[in-house]
1. Could you name the lysines in cross-link range of A:Lys90, using Cα to Cα under 23 Å and dropping any fewer than eight places away on the same chain?
2. Tell me which residues come under 5 Å, amide H to amide H, from B:Tyr152 once H is placed; ignore anything under 5 positions away on its chain.
3. Work through the residues other than B:Pro4 whose Cβ is under 13 Å from its Cβ and net out their charges, Lys, Arg +1 and Asp, Glu -1.
4. Below 12 angstrom from the Cβ of A:Pro161, what's the summed charge of the other residues (Lys, Arg +1; Asp, Glu -1)?
5. Cut-off is 10 Å between beta-carbons; in what order do A:Trp75, B:Trp241 appear when sorted fewest neighbours first?
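What follows draws every value from the coordinates through simple rules; no lab data is involved. Just so you know, these numbers come straight off a predicted model, no measurement behind them. Don't worry about glycine lacking a Cβ; one is built from the backbone with ideal geometry, like all the others, and counts go over all protein chains shown.
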Amino acid sequence: MPDTGARDEDLVRRFLSGDRAAFAALVERHERRVYNLALRMTGREEDARDATQDAFLTVLRKLSSFRGEAAFTTWLHRVAVNACYDLLRKRQRQPLLERGGDEDRPAAEPPPVPDHADASDLSIDVQRALLEVPQDFRVVMILHDVRDLPQDEVAQILGVPVGTVKSRLHRGRIALARAMGVPRSGERADPASPSEGTMTP
Amino acid sequence: MTHPEELLADYVDGTLDDEQRAVVDAHLPGCETCRDEIELARGAVAALASLEDEPVPFGVTGPVLAEAGRRFERRRVLVWERLQWAAGLAAAAALVLVVALNIGNGSDREDAASLGSSTAADGQVEAPEGGAAETALAFAFQGLEVQDDVNYVADGISSLATDAAEVISGRAPAETGGDQRYTPADEALACIEQSGAPTVDDPRDTLMRLIEAEYEGTPAYIAVYAESPGAGQPADTVVVWAVAKSGCQILTTASLRV
């Protein structure tokens, strides 16, 4: 079913009243954003496929509980983010043999998107660095800086205060820049440095 | 030193109001830490802007749509059973009415009985789906294509969809091969319909090809549909379903916009 231009909420209503094509239209309309969110979060096409499928299966199961308090896209993003977290958690529980590295590092995550040969070197570097940023910072950057969602919507998606989003955003950006190899100017000795702390909401 | 950390992200984004920006501007000359971090953050924002969307690989949401199809089919069956139950109840009520009338005056037996059966029948009638006119297509389904020793995998399913899209768009002829022989498809059609795939009566979906082969080593029927948005509009999507010959469960499904 092509994108008819109907509002998401109307498609949801039609789906709940038995219109199968309405669900297909929702999937078609949003699969790109869900897939790319998952790709940036997981760094691997295979994982992004799995997370996308998991997210839409959750949508299928839980759409009847969607009450419309938030926009459908906000709800969908929340489902997609949770699918990514679940997948990353499962991967961290994989046998050590498959992890190949230091247990404490999020580097248990695999090399990023090697199958996109046409991507620029820069974007591959960014993606690789992104995976070195803690997940809670990473997701905020992906939603705000990559997906262009406003901070209050990111807060709604993640269920955290806007102030937490601002804080994670700033810390995440610093972590990303450092992971990309930007030299630590001054190697801060200031113990009250705003971005040296551990991540807390 | 206290840093205005809660303002720095918005400072980098340029979304602070004048008063807040003045706070940061006043802080920066004396704070190398914050100056450096703003510089780093700006670099990160620019780097993230270089990440472009990747296209969604073919077939990613196919299993989801297949599951949606199964759920709809289950729900349809459930509704059907409820309607039958309601219809039975209506028939029983009508029978009681007939008996009561007969006890009363012994007349109008046939009329009352026919009223009862009519009520029951009405309860079982399914509402027509959409009512859209069937799209006239030049690539009508001709029969079951038996492809011995052919084992489809994801790429093969993708090729079937691509080929069908070429036909729908008129960029390729409808023939699937001059020496193609077709065999009766009743059993395969029944299996496809049992799986929850569109039926041959579905006004939106036109069956283009039905293939008997293997899918990832499992004997399967593979159905290729041209899907229209309805209301007589031309098909704009190819949908491929692979269904196990044994048990008729869906093995995969994929769609491709024309």
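1. Partners found: A:Lys62.
2. Sorted by chain and number, the residues that satisfy this are B:Glu214, B:Tyr215, B:Glu216, B:Gly217.
3. Residues near B:Pro4 contribute -3 overall.
4. Computed value for this residue: 0.
5. A:Trp75, B:Trp241
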